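The values are calculated or read from the model by the stated rules, or taken from the named source; none is laboratory data. Remember, it's a predicted structure, so these values are computed and weren't measured experimentally. Here the Cβ positions follow ideal geometry from the backbone for every residue, glycine too, while neighbour counts run over all protein chains shown. The protein model used for the area step is the full one, side chains on, heavy atoms only, and it has no ligands, DNA or RNA in it. Shrake-Rupley method; radii C 1.70, N 1.55, O 1.52, S 1.80 Å.
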Amino acid sequence: MEPMTEYGYNKLINELKNLKEVERPQNIIEIDTAREHGDLKENAEYHAARERQLFLDARINELTQIVAEARVIDPSSLSHDKVSFGSTIKLEDLDTEETLTYTIVGATESNPEKGLISYHSPLAKQLLGKEVGDEVSVSLPKGRVDYEILEILYKPIVF
């Protein structure tokens, strides 16, 4: 199961549709055009077009799999008394006293620079199910960090 918002699901569907209906057919034309240029062994255009075809096919397969496993969740319909999908969480780093705010979203929707973290990220996994006042010790790439949960709420997610 891959949780995501309707926004994330629609984004994937649109990308998949574009790949299947625009990019892939265009690539087939590029391959045919390059093939007409003669010797395929030394035909850089042909090899580039074939490489692009492999990339497109892999991405189509990847997106098809994600869409098949997608579970669209409306975060506004969930209770946010505990950290869950779609929760916005205000944390305090207990060492630096820095305050951070994150929103838990689907993997394909995450954007750490905007404070949107993946449901599958180490931080989100440690936060899920926790309540305001709980302290969480998380192993992150920068090392072990201790946080206190200051606030949990739902607010519309801005992607």
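Of the numbered conditions (1) over 22 Å from Pro3 (Cβ atoms); (2) touching a Pro at 6+ places or on another chain (Cβ under 7 Å); (3) hydroxyl-bearing (Ser, Thr, Tyr), Thr99 satisfies every one except a single condition; which is it?
Result: Thr99 passes all but (2).
For segment 6-43, what are the residues that are touching an Asp or Glu at 6+ places or on another chain (Cβ under 6 Å) and either under 16 Å from Val72 (Cβ atoms) or open to solvent by 70 Å² or more (accessible area, probe 1.4 Å) (or both)? Lay out the reasoning, then the answer.
So the first thing to find is which residues in segment 6-43 are touching an Asp or Glu at 6+ places or on another chain (Cβ under 6 Å), and the list is 8, 34.
Once the filter is applied, which keeps residues that are touching an Asp or Glu at 6+ places or on another chain (Cβ under 6 Å) and either under 16 Å from Val72 (Cβ atoms) or open to solvent by 70 Å² or more (accessible area, probe 1.4 Å) (or both), segment 6-43 yields only Gly8.
Which condition from (1) open to solvent by 20 Å² or more (accessible area, probe 1.4 Å); (2) assigned to a loop (DSSP other than H, G, I, E, B); (3) modelled with pLDDT of 95 or more is the one that Gln65 breaks?
(2)
Quick one: count up the residues across segment 116-159 that are over 18 Å from the mean Cα position of the chain (by Cα), touching a residue at least 60 places away in the same chain (Cβ under 8 Å) and either surrounded by 18 or more Cβ atoms within 10 Å (Cβ to Cβ) or assigned to a strand (DSSP E or B) (or both).
5
Tally the residues that are surrounded by 11 or more Cβ atoms within 10 Å (Cβ to Cβ), part of a loop (DSSP other than H, G, I, E, B) and small (Gly, Ala, Ser), restricting the search to segment 68-84.
1
Going by the conditions given, is Ser87 in contact (Cβ under 8 Å) with a residue 24 or more places away in the chain, open to solvent by less than 50 Å² (accessible area, probe 1.4 Å) and either within 22 Å of the chain's Cα centre (by Cα) or under 20 Å from Ser77 (Cα atoms) (or both)? If you could, list the steps in order and put the result at the bottom.
Numbers: in contact (Cβ under 8 Å) with a residue 24 or more places away in the chain: yes; open to solvent by less than 50 Å² (accessible area, probe 1.4 Å): yes; either within 22 Å of the chain's Cα centre (by Cα) or under 20 Å from Ser77 (Cα atoms) (or both): yes.
Yes, satisfied.
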